[in-house]
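Quick notes on the structure that follows.
Coordinate-derived values only; no laboratory data. This structure is a prediction, so every number in the text was calculated from the model and none was measured. Please note: Cβ atoms are built from the backbone with ideal geometry, for glycine as well, and neighbour counts cover all protein chains shown.
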Amino acid sequence: MIVTVTGARAYLGTTSFTKTNPASLPTGITAINGTLTGCTTSLAANADVGTYNNTISGCTGLSLAGSATSLWMVVYADGNVTITPRRCR
């Protein structure tokens with residue numbers, strides 16, 4: 001069961017991570033439960049504005065519900081980290 005994780009932050013800010021569940025669940029899986037935790041990015045704090053792939057790791061916290069949970073596991077896929085320009089005050 002692939003859950004896509006994306007990260008976002010303003011330049012020099014803190015990265016926040018969100019998840020996107022699959023569009024449909026297989027027979028015997030009724031939900032993906034839990035809270036996404038533990039995600040980090042290997043990007044430097046001063047990485048330039050842009051979108052970066054293959055930098056997210058360490059995600060945990062989700063579990064499957066339903067009668068077929070022994071047949072499936074959660075896999076966390078890197079959906080990129082996007083760094084946006086910092087707002088001027």
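Points worth noting:
- Antiparallel bridge percentage (DSSP; both residues within the stretch 2-84; nearest 5): 65
- Relative contact order for the stretch 2-84, counting Cα pairs under 8 Å that sit 6 or more residues apart, in percent: 42
- Relative to its residue count, the stretch 33-89 spans a Cα convex hull of 108 Å³ per residue.
- Sorting Val5, Val81, Val49, Val74 by the number of Cβ atoms found within 10 Å of their own Cβ, with the fewest placed first, yields Val49, Val74, Val5, Val81.
- The slack between Met73 and Thr20, meaning 0.36 nm per residue of separation minus the straight C-alpha distance, is 17.5 nm.
- Orphan Cys of the chain, criterion: no other Cys C-beta under 4.7 Å: Cys88
- Site pair Ala10 and Ala65 shows an inter-label distance of 3.6 nm when each label is modelled 7 Å from Cα along Cα→Cβ.
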